[in-house]
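All remarks here apply to the structure that follows.
The values are calculated or read from the model by the stated rules, or taken from the named source; none is laboratory data. Everything numeric in this text was worked out from a predicted model, so none of it was measured. Quick reminder, even Gly has a Cβ in these numbers, built from the backbone with ideal geometry, and neighbours come from all protein chains shown.
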C-alpha cells in the first residue's frame, strides 16, 4: 500500500464510515443552530474544516515534543489560535455572515470534533495522514451541514437564497416555517438519523 | 429601566426565553449523553452551575481589568477564556477531591467533561464580551448582571436536562419504531420540548 492510497482512505473514512456527525454524534450543537440558511452552512463548514486541517497539521508536526500530561491545554491553545484567525477574517471580510454566526465562531474551540481528532488521531499519526484526516472529517461535517441547511431552508422558506440570489424556488406556496424555527432543527436531524439507521438495518438483513 | 426589573429580565431571558439548550442549541452533547438517568442529570446540572458561575466571574475580571485596558481583547479573548475555564475546572476538581469526597464522587466524572462543554464558554463570552448577546436589553454587563445572566443560563440548562431525563426514562420501555430507537427519539423529544419553549418568545418584549 503506498502513501497516496492510505491518504485517500483517511479522507474517505471521515466522509462516510466515521462521519463525525451522523455516526460519532459529536459536535452537533453548531449544526443544529446555524443550519437555517445554506449560506451559513457553507461558511460554518469551511471555517470548521480550516481549523480542523490546520490544527491537525500543527499538532501532528509537534507531537514528539508535547509532554503527555499537558497535551490537552496545548491542543486547546493551537485550536484557539486558528479559531481566532477565522474569527477575525470573517469579521473583516464577511460582516453580515459574522453577525449571523455570532457566538458559534468562538465556540468552534470547544467543538468536540476538533479536540477529538487532535487527541485521537493527529497526536499519534504523521503529518500527511493527519492532514487527510482533517480534510475528510471537515468534508463529512460540511456535507451533513449542507444537507441539513438545504432541507431546512427549502422547506422553511420555500426557496434557497445564496449571496442575495435566489437559486431554487418552490413557487408560490405557504412554507411551514417550523423548519427554520428551533424545533425544525431537532426534527430534521432526528429524521436523518432514523433514515440512516433504517438503511443500516436493511443492509444487515 | 428600574434596576431590579432589569435583573429580573436578564435572569428570565437567560433561563426561559433564550434557553441555552432548546432555543440556542448550545451544549447538546451533554444533553444527549448524560440525560439517560435523572440522577446523573442532577449531578451534571449542579456541576455546570458551579463551574459556569466561577468561569464568568474570572473571565469578567480578566476582560475588564486585563484584556480591555491592554487593548488585546479582540484577538486574545478565545484562548484566554478557554484556558481560564480549563484551569478552573482542574482547580475545582482538585479542591473538591480534597475538601469533600462525597461531593467529588457525585460530581467527579462530569467535571472534566465540562471543559469542553460549550455552554460554559458561551455563557462566559456572552456575559463578558460585548456584542454577542442577542437579548434585547444590555450591551455591556456589570459584574452582578453578568453573574445573574450566568446563573439564569445554568439553571435553564439544569431544568431542561432534568425534565429531559425524566421523559427519556419513561420512554425507555415504550414501543417505538426500530429506526427511531435511541438518539433519533431523543431528538424528537427535544423538538417537542423546544416547541413548548418557543411559547416564551417575545415575553416581556425580550
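Okay, here's what the table says:
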{"quantity": "Selected residue [part of a helix (DSSP H, G or I) and away from every other protein chain (no Cβ under 11 Å)] from A:83, A:97, A:77", "calculated": "A:97"}
{"quantity": "Test: residue A:160 is crowded, with 17+ Cβ neighbours inside 10 Å, more than 10 Å from chain B (Cβ to nearest Cβ) and outside any helix (DSSP H, G or I)", "calculated": "yes"}
{"quantity": "Failed condition for residue B:26, given (1) within 9 Å of chain A (Cβ to nearest Cβ); (2) within 19 Å of residue B:186 (Cβ to Cβ); (3) surrounded by fewer than 19 Cβ atoms within 10 Å (Cβ to Cβ)", "calculated": "(3)"}
{"quantity": "Any hit, the stretch B:50-62, residues being within 18 Å of the chain's Cα centre (by Cα) and over 18 Å from residue B:149 (Cβ atoms)", "calculated": "no"}
{"quantity": "Every residue from the stretch A:18-65 that is assigned to a loop (DSSP other than H, G, I, E, B) and at pLDDT 80 or above", "calculated": "A:35, A:36, A:37"}
{"quantity": "Pick from the stretch B:187-206, criterion more than 8 Å from chain A (Cβ to nearest Cβ) and either assigned to a helix (DSSP H, G or I) or closer than 23 Å to residue B:43 by Cα (or both), ranking: modelled with the lowest pLDDT", "calculated": "B:205"}
{"quantity": "Every residue from the stretch B:158-180 that is loosely packed, with under 12 Cβ neighbours inside 10 Å, over 28 Å from the mean Cα position of the chain (by Cα) and in a helix (DSSP H, G or I)", "calculated": "B:178"}
{"quantity": "Count of the stretch A:59-74 residues which are surrounded by fewer than 23 Cβ atoms within 10 Å (Cβ to Cβ) and either in contact (Cβ under 8 Å) with a residue 60 or more places away in the chain or away from chain B (no Cβ under 14 Å) (or both)", "calculated": "8"}
{"quantity": "Conditions (1) surrounded by fewer than 20 Cβ atoms within 10 Å (Cβ to Cβ); (2) within 11 Å of another protein chain (Cβ to nearest Cβ): number failed by residue A:168", "calculated": "(2)"}
{"quantity": "Breaking point among (1) away from chain B (no Cβ under 14 Å); (2) touching a helix residue (DSSP H, G or I) at 6+ places or on another chain (Cβ under 6 Å); (3) more than 21 Å from residue A:128 (Cβ to Cβ), for residue A:44", "calculated": "(1)"}
{"quantity": "Residue in the stretch B:93-105 that is surrounded by fewer than 24 Cβ atoms within 10 Å (Cβ to Cβ), touching a residue at least 24 places away in the same chain (Cβ under 8 Å) and in a helix (DSSP H, G or I) present", "calculated": "no"}
{"quantity": "Only listed residue being in contact with a helix residue (DSSP H, G or I) (Cβ under 8 Å, 6 or more places away or on another chain), touching a residue at least 24 places away in the same chain (Cβ under 8 Å) and surrounded by fewer than 17 Cβ atoms within 10 Å (Cβ to Cβ), chosen from A:100, A:117", "calculated": "A:100"}
{"quantity": "Residues of the stretch A:105-143 that turn out to be away from every other protein chain (no Cβ under 14 Å) and assigned to a helix (DSSP H, G or I), as a count", "calculated": "19"}
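Yes or no, residue by residue, for (1) part of a helix (DSSP H, G or I); (2) out of contact with any helix residue (DSSP H, G or I) (no Cβ under 7 Å at 6 or more places or on another chain); (3) without any contact (Cβ under 8 Å) to a residue 60 or more places away in the chain; (4) surrounded by 18 or more Cβ atoms within 10 Å (Cβ to Cβ):
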site	(1), (2), (3), (4)
B:30	yes, no, no, yes
B:46	yes, no, no, no
B:55	yes, no, no, yes
B:59	yes, no, no, yes
B:63	yes, no, no, yes
B:70	no, yes, yes, no
B:78	yes, no, yes, yes
B:84	yes, no, yes, yes
